[in-house]
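Down below is the structure, laid out as structure tokens.
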Amino acid sequence: MNEQQAKAAIDQLKDKINQYNHEYHVLDKPSVPDAEYDKRMQELLDLEAAYPQLITDDSPSQRVGGEPIDAFKKVEHTIPMLSLANAFGEEDLRAFDRRVREGAGGDVTYVCELKIDGLAVSLKYEDGQLVQGATRGNGTVGEDITTNLRTIRSIPLKIGQKEAIEVRGEAYMPQKSFLALNAAKEENGEEPFANPRNAAAGSLRQLDPRIAAKRNLDIFLYGVGQWEAGTLSSHSERLDYMQKLGLKTNPEWRKCADIDEVIEYVNEWVEKRAELSYEIDGIVIKVDRLDQQETLGFTARSPRWAIAYKFPAEEAITKLYDIELS
Ligand SMILES: NC(=O)c1c(N)nc(OC2CCCC2)nc1O[C@@H]1CCC[C@@H]1O
């Protein structure tokens, strides 16, 4: 085959493997057995070895970078990555609702999301390519961890939108991966991680992407940062749009017409939390309309249009039992 034909074959394989990857890691609905995926990946690797000039950054073969880097570059967040104020009970939520309706000058619709217990990150796509991945850091300056975020299979290396867009979400370590990692660490006499959040943060701060690639990290995207071409009018439309772009959003988010429905959702998940394959430490409640978010604005550290309902810390409860039982 000549270079022309090799390029056509490589392009076809990249699209096919990226589709398989999306089905498996984003939709959790693989359409082919692993053997088919492995076969196509080997075909791609063979063709790229024969025609290295045809290797592109967005090839599925390029997820795990080469040599470790010696330090992370700093990244300035043009739009700050804020934190969230906390609510600890129903009264706090109703007070939040009163403040919000007062400030917005009328009724508001909310979006409730599970509060993923991981590490907040930002992903930048330009010309459809993933060009930068960064930690939240202190909200205005984070660390460039692009090489590590590229190893997360549920993060697409390219999307079907040319205009620049920055999306934000929580990188996390699923429970199963956390337990397996700690078992391996104990096996090697190493200090285990205290919880999946620390394990995810520790994995994304590895200077060698080959280590991050083995940690089975995942991500849920929940927000948009910079997006010149953005014309949507609500947060819920943004979540739908990100999903259409092939970005992984959490399937449990829900629009709530008023604070009573928010409280229903919160109580539902206090019970159902244990069924999840990843850890959450609460529920995030956001005003849905972007114009009302704009009106409400921010305090120094967090938006006035969002709050985190925090579940009571489980450790505290178990400690209590330990004391009584011992
Ligand atoms: N951890 C989460 O699942 C989560 C979420 N689902 N949604 C938000 O929206 C915030 C971000 C800034 C304004 C609203 N934040 C989340 O986590 C935040 C990020 C930084 C501190 C918290 O972990």
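If we scan region 171-192, do we find a residue that is at pLDDT 95 or above, away from the ligand (no atom under 16 Å from the Cβ) and on the phi > 0 side of the Ramachandran plot?
yes
Show the residue pairs meeting these rules: Cβ distance below 7 Å; 6+ apart or different chains; first residue within region 200-221 and over 11 Å from Asn148 (Cα atoms); second residue among the β-branched types (Val, Ile, Thr).
Asp218/Ile152; Ile219/Ile152; Ile219/Ile155; Phe220/Ile116; Phe220/Thr249; Leu221/Val167; Leu221/Thr249
Looking at region 63-71, can you tell me whether even one residue there is open to solvent by 20 Å² or more (accessible area, probe 1.4 Å) and touching a strand residue (DSSP E or B) at 6+ places or on another chain (Cβ under 7 Å)?
no
So, in region 271-295, how many residues would count as being surrounded by fewer than 19 Cβ atoms within 10 Å (Cβ to Cβ) and either part of a helix (DSSP H, G or I) or of a type in the set (Gly, Ala, Ser) (or both)?
Residues meeting the conditions: 10.
Just one of (1) within 30 Å of Gln12 (Cβ to Cβ); (2) open to solvent by 70 Å² or more (accessible area, probe 1.4 Å) trips up Asn86, so point out which.
Exception for Asn86: condition (1).
In region 27-61, which residues are within 17 Å of Ala6 (Cβ to Cβ) and either of a type in the set (Ser, Thr, Tyr) or out of contact with any helix residue (DSSP H, G or I) (no Cβ under 9 Å at 6 or more places or on another chain) (or both)?
If the condition is that a residue be within 17 Å of Ala6 (Cβ to Cβ) and either of a type in the set (Ser, Thr, Tyr) or out of contact with any helix residue (DSSP H, G or I) (no Cβ under 9 Å at 6 or more places or on another chain) (or both), then Gln42, Asp46, Ala49, Tyr51, Pro52, Thr56, Ser59, Ser61 are the ones that fit.
List, please: which pairs have Cβ atoms under 6 Å, are six or more places apart or on different chains, and start with a residue in region 13-33 that is charged (D, E, K, R) and end with one that is surrounded by 13 or more Cβ atoms within 10 Å (Cβ to Cβ)?
Lys14/Ser59; Lys16/Arg40; Glu23/Pro30; Lys29/Glu23
Are there any helices (runs of 4 or more DSSP H) wholly within region 86-196 with 3 or more residues that are of a type outside the set (S, T, N, Q), and if so which?
Working: elements: 90-104, 146-149, 175-187.
Where helices (runs of 4 or more DSSP H) fall fully within region 86-196 and carry at least 3 residues being of a type outside the set (S, T, N, Q), they are 90-104, 175-187.
Quickly run through region 125-142 and pick out the residues that are in contact (Cβ under 8 Å) with a residue 40 or more places away in the chain and buried (at least 19 other Cβ atoms within 10 Å of the Cβ).
Answer for region 125-142, where residues must be in contact (Cβ under 8 Å) with a residue 40 or more places away in the chain and buried (at least 19 other Cβ atoms within 10 Å of the Cβ): Tyr125, Leu130, Ala134, Thr135, Arg136, Gly142.
On the basis of being farther than 22 Å from Met173 by Cα and open to solvent by 60 Å² or more (accessible area, probe 1.4 Å), does Glu252 make the cut? So that I can check it myself, show each step before the final result.
Values: farther than 22 Å from Met173 by Cα: no; open to solvent by 60 Å² or more (accessible area, probe 1.4 Å): yes.
Here the answer is no, as Glu252 does not meet what is asked.
What tally of residues in region 157-172 results from selecting those that are out of contact with any Phe, Trp or Tyr (no Cβ under 8 Å at 6 or more places or on another chain) and crowded, with 22+ Cβ neighbours inside 10 Å?
The qualifying residues number 1.
The values are calculated or read from the model by the stated rules, or taken from the named source; none is laboratory data. Because the structure is a prediction, the values reported are computed rather than measured. Note: ideal-geometry Cβ built from the backbone for every residue, glycine included; neighbour counts use all protein chains shown. Accessible surface is based on the protein model in full, side chains and every heavy atom, while ligands, DNA and RNA are left aside. Shrake-Rupley method; radii C 1.70, N 1.55, O 1.52, S 1.80 Å.
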